[in-house]
Amino acid sequence: MLSRWLAGWQRLRNERTLRRRPIPEPLWQLTLARFPFLQRRSATDRQTLREMATLFLAQKEFTGAHGFEVTDEIAVAVAAQACLPVLRLGLHCYDGFVGIVMHDDEVVARREVIDDAGVVHHYDETLTGEAMENGPVMLSWRDVEAAGDTAGGVYNVVIHEFAHVLDMRDGVADGVPLLENRAARDAWSAVLSTEYERLCARLDRGEVTRIDPYAAESAEEFFAVASEVFFVAPSLLMEEHPRMYKLLRGYYRPRPEKAAA
Ligand SMILES: [Zn+2]
């Protein structure tokens, strides 16, 4: 009873947000023009995406790091791309975090590892984005903005980091998102590991792959990179990793894109 009441209350709240704080038309059109893989969605999808992005903006808290100013243009660019993977899964998939920290450019993080002998090693890691369990999500605006240009290959930091968020919903970052049961998880793991090993073997042989070799870092990075390609250049993933493409299609359940003009 309570959950029905809550669902009703949530729906009313969402309707009010959509009515009172819609993304202005010029800003929405600018966002679509900037990211062609959003523009390519069907009219129904673009409408749903716009509404989800509006609710996303109302639910999440953007912070600019070191004085960086998060403008509406920046927040909408992030929201629209972040909502693409959950267009069919639902915005509740992102309920586990609230904060999004924006940097103007990539960030150098000081890391620490302890080896088997107990010796502490320090090293620097350059990050364009980072997702942590229960948030916040960190993103570099320069990299978010670069996602519109796919001439040099698919690179989408927003979809990448939000795929990590989906991956971590079951409490483990392992390339296996929250699925309905054990059988589904086993089937997922089998495809993921086979396709991941295949990529690693190709790179070991010195082959040039059309998907970012960073995917060979680990199974979870493979899932995140494959998700980027799935949404930005699906035919490329279909050609390079058909089984991974099919797996992601079953999970993200995208509607067909609009026919080319
Ligand atoms: Zn990653």
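How far apart, in nanometres, would the label points at Met132 and Ala201 be if each is projected 7 angstrom from Cα along the Cα-to-Cβ direction?
Roughly 3.8 nm, to one decimal.
What dipole magnitude, in Debye to the nearest 20, does the range 68-131 give about its Cα centre under +1 on Lys/Arg Cβ and -1 on Asp/Glu Cβ?
360
Quick one: grab the alpha carbon gyration tensor of the range 1-106, order the square roots of its eigenvalues as a ≥ b ≥ c, and give me rounded if a/c is under 1.5, else prolate or oblate depending on whether a/b is larger than b/c.
oblate
State the Cα centre-to-centre distance between the range 73-104 and the range 115-151 in whole Å.
If you average the Cα positions of each part, the centres end up 17 Å apart.
Calculate what fraction, in whole %, of the accessible area of the chain sits on carbon and sulfur atoms when a 1.4 Å probe is rolled over the protein chains.
52
Along its principal axes, what span do the Cα atoms of the chain show, with the longest given first and each in whole Å?
56, 46, 43
Using just the helices of the chain, give the 222 nm mean residue ellipticity in deg cm²/dmol: DSSP H runs with n ≥ 4 each add -39,500 (n - 2.57), and the total is spread over all residues, rounded to 500.
-16000 deg cm²/dmol
Quick one: compute the contact order of the chain, relative version, from alpha carbon pairs under 8 angstrom and 6+ residues apart, as a percent.
16
Are there GluC sites (Glu not before Pro) in the range 135-217 that DSSP marks as loop and that have at most 12 other Cβ atoms within 10 Å, and which are they?
Those satisfying the criteria are Glu180, Glu207.
With +1 assigned to the C-beta of every Lys and Arg and -1 to the C-beta of every Asp and Glu, and no other charges, what is the dipole magnitude of the chain about the Cα centre in debye, to the nearest 20?
1820
Can you compute the modelled spin-label distance between Glu73 and Ala146, with each label point 7 Å from Cα toward Cβ, in nm?
1.9
The values are calculated or read from the model by the stated rules, or taken from the named source; none is laboratory data. Predicted, not measured: the structure shown is a model, and the values here were computed from it. Cβ atoms come from the backbone with ideal geometry, glycine included; neighbour counts cover every protein chain shown. Remember, those area values only see protein heavy atoms, side chains included, never the ligands or the DNA or RNA. Shrake-Rupley method; radii C 1.70, N 1.55, O 1.52, S 1.80 Å.
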